[in-house]
Every structure is written in C-alpha cells, then in structure tokens.
Amino acid sequence: MTFDDIKILWHRSTGAQRFGYWIMLRNHSPKRGQAARKGIIAFFQAGLGPMGDRWQYQKCSSGDYILKLNDERDFLFFLLKIK
C-alpha cells in the first residue's frame with residue numbers, strides 16, 4: 001500500500017481531547033477483505049507507530065475508513081503527505 005492508494009474524502013477536527021482529528025479516506029488498493037484491513041493497519045503503523053498511542057481507525061463501509069489522530073502535527077503531516 002502507498003499514498004497513491006488512498007483518497008481523502010473529508011477531514012475535520014472534532015474538538016475532542018483524545019483522537020480529535022479525523023480523516024475519512026477511501027482505500028483504492030487492489031487488496032480486499034481481511035488483506036486490505038491488514039495492509040492499511042501496517043501502512044499506518046509504519047508512519048505513525050503502534051495503534052492506540054497516536055492513532056485509531058474505524059471501518060465505515062467497503063473500502064472507507066476513518067483515521068482518528070491524537071495530535072494535530074500528525075494530522076497536518078498526513079494531509080500534506082497525501083495531497
């Protein structure tokens with residue numbers, strides 16, 4: 001998985017104290033199902049570290065995920081890296 005496989009649908013700050021920066025994204029990688037889930041987790045862990053410390057994710061529908069970030073710096077870095 002690469003940054004080219006990800007399309008940002010929307011992003012916002014929720015104002016929450018923990019994991020208050022959300023990015024809704026769509027996975028365009030050729031993998032589907034369990035392989036896609038493992039690929040996206042491995043991709044985020046490579047850039048952001050272990051899940052739960054600085055980030056979480058939530059699956060919304062087939063191929064759509066919400067990435068929840070704990071820090072505004074990670075949020076801005078991720079947006080700049082994608083765009």
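At 1.4 Å probe radius, can you tell me the per residue accessible area of the chain in Å²?
Ligands and nucleic acids excluded, the result is 62 Å² per residue.
Where does helix 72-82 land angle-wise versus the long Cα axis of the chain, in degrees 0 to 90, nearest 10?
30
For the chain, what is the mean residue ellipticity at 222 nm derived from helices alone (per DSSP H run of n ≥ 4: -39500 (n - 2.57); sum divided by total residues; nearest 500 deg cm²/dmol)?
-10000 deg cm²/dmol
Taking a cut-off of 20 Å between Cα atoms, list the lysines near K68, but don't count ones fewer than 8 places away on the same chain.
Correct list for K68: K7, K38, K59, K81, K83.
May I ask for the angle, rounded to the nearest 10°, between helix 34-48 and the longest principal axis of the chain, with both axes built from Cα atoms and the value confined to 0 to 90°?
Its long axis makes an angle of about 40 degrees.
With N residues in the chain, what two-decimal value do you get for its Cα radius of gyration over 2.2 N^0.38 Å?
1.00
Dipole of the chain (Lys/Arg Cβ +1, Asp/Glu Cβ -1, origin at the Cα centre): which of C60, W10, L76 lies farthest to the positive side?
Checking the options against the dipole of the chain, the answer is C60.
Going by average Cβ density within 10 Å per residue, which order do the peptides 17-26, 72-81 take, highest to lowest?
Most protected by this proxy first, the peptides run 17-26, 72-81.
Report in % the part of the accessible area of the chain that belongs to carbon and sulfur, leaving out ligands and nucleic acids; probe 1.4 Å.
50
In the P(r) worked out for segment 19-61, what percent of Cα pairs fall beyond 18 Å?
Everything past 18 Å amounts to 26 percent.
The values are calculated or read from the model by the stated rules, or taken from the named source; none is laboratory data. All values reported here derive from a predicted model rather than from experimental measurement. Here the Cβ is made from the backbone with ideal geometry for all residues, glycine too, and neighbour counts use every protein chain on show. Heads up: the accessible areas ignore ligands, DNA and RNA and are worked out on the full protein's heavy atoms, side chains in. Shrake-Rupley method; radii C 1.70, N 1.55, O 1.52, S 1.80 Å.
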